[in-house]
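Everything on this sheet refers to the single structure shown next.
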Amino acid sequence: MFLTVITHGEEKTLDVIILAAGLGTRLRPYTETTPKPLLAVQGRPILDWIIGALPPVDRLVVVVNYLAEQIQDYLQHQTHIKNWVTVHQAVPRGTGDAVMSCRDHITSDRVLVLNGDDLYSRADLLRLSQRPAGLLAHPVEEPRKFGIVFPRPDGTMEKMIEKPPLDGTQLANIGAYLFPKRVFDIPLTLSPRNEYEITEAVSVLAQQAPFYIERASFWFPIGDISAWHASQTADLSAVNR
């Protein structure tokens, strides 16, 4: 799979990073022997749904840690993308640390970063991939549980606030990002959770240049057992359409 975007006479390429190193503690006991990205949804691993929904990309980088050998075995047998590599996150210290660990494996000038337990629409990911930088956002009814993004009239991000004391429908960051390669030059600091957060890099980039908020038409997060069970009967036709 290959994507070439021509912008002012320059060829733009795209790699993708999928964050798949988590322990999946909220899905135990099912994740005691199977990593969360390989739990089956309607007969297919979550990771297979995600990779199948990708726009054309030059290279796939999957960050692994817990039960990494199972994910590597899946990647060896999948037929979606031939050019792939795994990066072992030795000590998981947040999404920012996971992304930064991929620095030496990114060959393109832009990188799409996705959570390894969320299902996205192919159409939404394709639209995001055509931006210079941005993220997918989806309306939520409980904004106090999410990172909430606030767009300007032109669709770029003004700011993002984690779990704000707001009520009513708000636009949530859903963990799908399009970064320029210079994201790897941003020094991250430890958050109050003692982790390096990729959202810090988002805020820095949004201050430097336009960072677009693309409203997702579909999003299905699989963060706990009830969501995983619900995914078995959900309409997921948008994922690969």
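Note: relative contact order over the chain, using C-alpha pairs below 8 Å and six or more positions apart, is 24 percent. Restricting the calculation to alpha carbons of the stretch 16-146 gives Rg and Dmax of 14.6, 41 angstrom.
By the compact-protein rule of thumb, 2.2 N^0.38 Å, the alpha-carbon radius of gyration of the chain corresponds to a ratio of 0.96. Computed from backbone phi with θ = phi - 60° and the Karplus coefficients 6.51, -1.76 and 1.60, the 3J(HN,Hα) list for the stretch 53-67 is 8, 5, x, x, 10, 7, 8, 10, 10, 10, 7, 10, 7, 5, 6 Hz; x is used for glycine and proline. Just list whichever of K82/K145; K159/K181; K82/K181 have alpha carbons separated by over 27 Å in the model shown. Long pairs (Cα-Cα over 27 Å): K82/K145. When you count the other C-beta atoms within 10 angstrom of each residue and take the mean per peptide, 23-36, 224-237 line up highest first as 23-36, 224-237.
FYI, it's all coordinate maths here, none of it is from the lab. All figures in this text were calculated on a predicted structure; none of them were measured in a lab. In this analysis, Cβ positions are derived from the backbone assuming ideal geometry, glycine residues included, and neighbour counts consider all displayed protein chains.
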